[in-house]
Amino acid sequence: MYLGISSSLTHGSPEEWASKHRALGLQTVVFPVNYLDGEDTIMAYKKAADEAGLTIAEVGVWRNTLAADLDERKRWIDYAIHQLRMADDIGAACCVNVVGTPFGPRWDGGYRNNFSPELWEMAVRMIQQIIDTARPKRTKFCIESMPWMIPSSPDEYLHLIEAVDRTEFGTHLDVVNMITTPQRYFYHDEFLEECFQKLHGTIVSCHLKDILLKQEYTFQLEECACGKGTLDLDLYMHLATDENPCMPMIIEHLTTDEEYVASVQYILKKMATKT
């Protein structure tokens, strides 16, 4: 596996950005600029990553490509197309988004109709449109697994991959986002095995974090920093490495640079004990 973080860290130049990541012992990065920043800026960051020996794991979209307002939806689909083209130009492993929703005020929120046949068909057509327009040659377009919208399980992922029917569509695996039941939480080792077994050959990037059962009623789970929960991180990293020795595993959703540094150091220490 190649370890990375979702933070771009505080930096003043592409060279400082890359050197800070490399100094932490990281091997891959999340690209910190978008296509609107222009060719010169994009290529400066690409060059800095290359010279530091860093692969580019992800280019993010993070826009509601299924927005209820049709003008907004078109704007964000166009944005996703441009992001995917940029990702392909710089050789990123994937360009990633969540599927989005037109059914409520929060673009990535949980709503009943997120699991409706209507949403499913909208999502498939949207993904096909983005891929068919951008026509990437090296980069996979991915929809990240989520707890309250598709795909929320490995079986839903497989169904979505089959429905989209594009070789340029891959899996962005966030196991913690799919741990939504007591069974998946307490038997997360079995769930990890299920994810990698069923999605074998499609996984291009993973998010790396932890999860903890809260003591309040009812069943409540809390995403947390690596080592602060109960997820078998050793197994997760082992399975990811078996899938791809260069698999990007991205630590995310921390607040400060210091928190990212501490989490990286924790994971690197675990990795060192296994070698």
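Brief remarks follow.
- Amide H partners (placed H, <5 Å) of residue 203, local residues excluded: 171
- Here the chain is treated with +1 on each Lys and Arg Cβ and -1 on each Asp and Glu Cβ, and its dipole about the Cα centre works out to around 200 debye.
- With 10 Å bins from 0: P(r) over segment 1-45, alpha-carbon pairs, percent: 27, 55, 17, 0
- The figure for residue 55 is an accessible area of roughly 60 square angstrom, using a 1.4 Å probe on the protein chains alone.
- Segment 1-16 versus segment 52-69: alpha-carbon centroid distance in Å: 16
- For segment 123-275, the fraction of 1.4 Å probe accessible surface lying on carbon and sulfur atoms is 50 percent.
- With every protein chain in place and a 1.4 angstrom probe, the accessible-area ranking of 11, 200, 172, largest first, reads 200, 11, 172.
- Label point 7 Å beyond Cα of residue 51 along Cβ direction - residues of segment 1-26 with amide nitrogen under 13 Å: 13-20
- Whole-Å distance, taken between Cα centres, linking segment 93-124 and segment 256-275: 33
- Charges were assigned to the Cβ only: +1 to each Lys and Arg, -1 to each Asp and Glu. The resulting dipole of segment 164-275 about its Cα centre is roughly 160 debye.
- Extension reserve of the residue 106-residue 259 stretch, reckoned as 0.36 nm per residue once the Cα distance is removed: 52.4 nm
- In this structure the chain gives 47 Å² per residue of accessible area when probed at 1.4 Å with all protein chains present.
- Segment 63-166: C-alpha pair distances exceeding 17 Å, %: 49
- Percent carbon-and-sulfur accessible area, segment 43-120, ignoring ligands, DNA and RNA, probe 1.4 Å: 51
The values are calculated or read from the model by the stated rules, or taken from the named source; none is laboratory data. Values in this document were obtained by computation on a predicted structure and should not be read as measured data. Positions of Cβ are generated from backbone atoms using ideal geometry, with glycine treated the same way; all protein chains shown enter the neighbour counts. The area values use the complete protein model at the heavy-atom level, side chains included, leaving out ligands, DNA and RNA. Shrake-Rupley method; radii C 1.70, N 1.55, O 1.52, S 1.80 Å.
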